Amino acid sequence: GTYYNKVLTVGPFGTYPDLEMYYLPVACQHCDNPECVSVCPTGASYRREDGVVLVDHSKCIGCQYCVKGCPQGIPIPGVFSAMNTHLIYGNTERAKGNYGFATRGKGKASDCIQCGQCESVCPQHISIIQQLQQAAEVLE
C-alpha cells in the first residue's frame with residue numbers, strides 16, 4: 001500500500017496479559033544505491049559523491065505529503081512554486097505575489113517551527129526546513 005513515512009510495527013511480544021508492541025519510524029538511510037533516485041519521475045532525487053541523498057527542490061512535483069504533516073499548515077508546494085519563480089526566472093515581484101496567494105489564510109514560511117514532520121514524510125527527502133527559511137528571507 002501507500003505510506004507517507006515508513007513505520008515498522010515491532011511486536012506484539014510477551015505473553016498475555018503482559019504484551020508489548022511499538023512502532024519504529026524509518027527515515028532516509030542515504031543508501032548506497034537509493035531506489036528513490038532510480039525511480040524519481042522528475043530526476044529531482046540525487047545522490048552526492050559523499051553519499052548524501054538530496055532533492056533539487058525546484059523539481060518537486062508537489063505530492064503534498066509534507067503538507068499533511070505540518071502542524072503550522074504551511075502550503076509547502078505553493079511556497080516552493082513561488083520560490084521557483086524567483087530562482088528560475090529572477091522575477092521576485094511575481095514570486096512575492098504567488099507567495100501571497102499561496103499562503104493567504106494559511107501558514108507562512110516563517111511560521112515553520114522546524115519540527116521536521118514535513119521532511120520525515122517527503123518521498124523526495126527535500127530539506128524543506130532550510131528551503132522554507134530561504135523562502136521567508138526572499139519572499140516575506
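The values are calculated or read from the model by the stated rules, or taken from the named source; none is laboratory data. Given the structure is predicted, the values throughout are model-derived calculations rather than measurements. FYI the Cβ positions are ideal-geometry reconstructions off the backbone, even for glycines, and counts take in every protein chain you see. Just the protein is used for accessible areas: all its heavy atoms, side chains included, with ligands, DNA and RNA removed. Shrake-Rupley method; radii C 1.70, N 1.55, O 1.52, S 1.80 Å.
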Residue count for segment 31-62, restricted to those that are assigned to a loop (DSSP other than H, G, I, E, B), open to solvent by 70 Å² or more (accessible area, probe 1.4 Å), under 29 Å from Gly78 (Cα atoms) and modelled with pLDDT of 70 or more: 2
Per-region count, segment 68-98, residues assigned to a helix (DSSP H, G or I) and either farther than 13 Å from Gln131 by Cβ or β-branched (Val, Ile, Thr) (or both): 13
Residues of segment 80-91 satisfying the condition of being open to solvent by 30 Å² or more (accessible area, probe 1.4 Å) and without any contact (Cβ under 8 Å) to a residue 24 or more places away in the chain: Ser81, Tyr89, Gly90, Asn91
Residue, nearest to Asp56 (Cα to Cα), within segment 131-140, restricted to residues that are over 15 Å from the mean Cα position of the chain (by Cα) and open to solvent by 60 Å² or more (accessible area, probe 1.4 Å): Glu137
Boolean, Pro77 is within 30 Å of Gly11 (Cβ to Cβ) and either at pLDDT 80 or above or surrounded by fewer than 18 Cβ atoms within 10 Å (Cβ to Cβ) (or both): no
Segment 92-130: number of residues that are in contact with a strand residue (DSSP E or B) (Cβ under 9 Å, 6 or more places away or on another chain) and open to solvent by less than 40 Å² (accessible area, probe 1.4 Å): 4
Any hit, segment 16-30, residues being part of a loop (DSSP other than H, G, I, E, B), of a type outside the set (Lys, Arg) and modelled with pLDDT of 85 or more: yes
